[in-house]
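The values are calculated or read from the model by the stated rules, or taken from the named source; none is laboratory data. Computed from a predicted model, the values in this text were never measured in an experiment. FYI the Cβ positions are ideal-geometry reconstructions off the backbone, even for glycines, and counts take in every protein chain you see.
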Amino acid sequence: MSKKNLYGSFLLNIFTVVSVIVCMTITMLRSPESIKTFTVQSNFISGIVATIIVVFEVIIILKKKGDLPHWLKIVKMVTTTAVTLTFLVVVFYLGFVAVAEGYSYFILFRSTNLCFHFLTPVSAIISFILFEGTDKIKFKLTFLNMIHMGLYTIFYAINVFTHLKPDGSVDRKYDWYYFVLGEKFTFIFVVMGMLLITYGIGFMLWLSNRKVAKKPVEIEE
């Protein structure tokens, strides 16, 4: 792993760790129920993975040679896909929902949301593409990028459809992302669309990472 890649990745992952710790602490103190959201979950998991990467990179720095384990780069791809999805959904969907409800578009980029919706995703994207590149992640593994979204979809569906109102309509309190608009069957199409978007994001991250990948080299004395 070259010095440039090592220290670039190290600094960005340190930033991610600090950002997630601070924002998660504030969020859990203010509203612990926020852990149910994909945003908080994806950032939390990204923070854990960034911590693991930092530990490995400290070892690499001390030994002055080595590279991140292949499995860790795969996990980083999966978690980066999740936080990138969070970022893009806020930018292209939830921001406009906020405006429709009478709020400012930028309300979703204030306080801890600045980290959750922008800083953590961007730092993860940059570190994965520019500094943690590898051409060894096989194409078939890009389907792993849908794991978090797939599991979250199951959780979200159970949460929504087990809390219907007495008249059978959807309770907006449990449909916080407004995925069940109109008839209930539209949820299926929304989920399919989200999974396709998630895969597309993961594929582009994988492809970009692969394009800039360089062969690992030992750190110079």
- Looking at (1) free of Cβ contacts under 8 Å to residues at least 24 places away in the same chain; (2) closer than 21 Å to residue 200 by Cβ, can you tell me which one residue 94 breaks? (1)
- Query: Does residue 173 satisfy being among the charged types (D, E, K, R), closer than 30 Å to residue 74 by Cα and touching a His at 6+ places or on another chain (Cβ under 8 Å)?
  - Reply: no
- Message: Scan segment 104-122 and tell me whether some residue there is more than 24 Å from residue 26 (Cα to Cα), in a helix (DSSP H, G or I) and at pLDDT 90 or above.
- Response: no
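Name the one entry in 35, 45 that is closer than 28 Å to residue 151 by Cα and surrounded by 14 or more Cβ atoms within 10 Å (Cβ to Cβ).
45
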- Task: Might you let me know whether segment 8-25 holds any residue that is of a type outside the set (Asp, Glu), closer than 23 Å to residue 159 by Cβ and touching a Pro at 6+ places or on another chain (Cβ under 7 Å)?
- Result: no
- Which one of these is among the hydroxyl-bearing types (Ser, Thr, Tyr), surrounded by 15 or more Cβ atoms within 10 Å (Cβ to Cβ), out of contact with any Leu (no Cβ under 6 Å at 6 or more places or on another chain) and modelled with pLDDT under 90: 156, 174, 178? 174
- Query: When residue 51 is evaluated against the numbered criteria (1) assigned to a helix (DSSP H, G or I); (2) over 22 Å from residue 28 (Cα atoms), which criterion, by number, is the only one it fails?
  - Reply: (2)
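If I filter segment 118-138 for residues that are without any contact (Cβ under 8 Å) to a residue 24 or more places away in the chain and surrounded by fewer than 16 Cβ atoms within 10 Å (Cβ to Cβ), do I get at least one hit?
Yes, because at least one residue in segment 118-138 is without any contact (Cβ under 8 Å) to a residue 24 or more places away in the chain and surrounded by fewer than 16 Cβ atoms within 10 Å (Cβ to Cβ).
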- Residue satisfying condition, being buried (at least 22 other Cβ atoms within 10 Å of the Cβ) and under 14 Å from the mean Cα position of the chain (by Cα), within set 83, 78: 83
- Message: Take residue 168 and tell me if it is buried (at least 18 other Cβ atoms within 10 Å of the Cβ) and part of a loop (DSSP other than H, G, I, E, B).
- Response: no
- Single residue of 90, 99 found to be at pLDDT below 95 and surrounded by 20 or more Cβ atoms within 10 Å (Cβ to Cβ): 90
- Query: So, of the residues in segment 185-207 that are out of contact with any helix residue (DSSP H, G or I) (no Cβ under 9 Å at 6 or more places or on another chain) and β-branched (Val, Ile, Thr), which turns out to be modelled with the lowest pLDDT?
  - Reply: 186
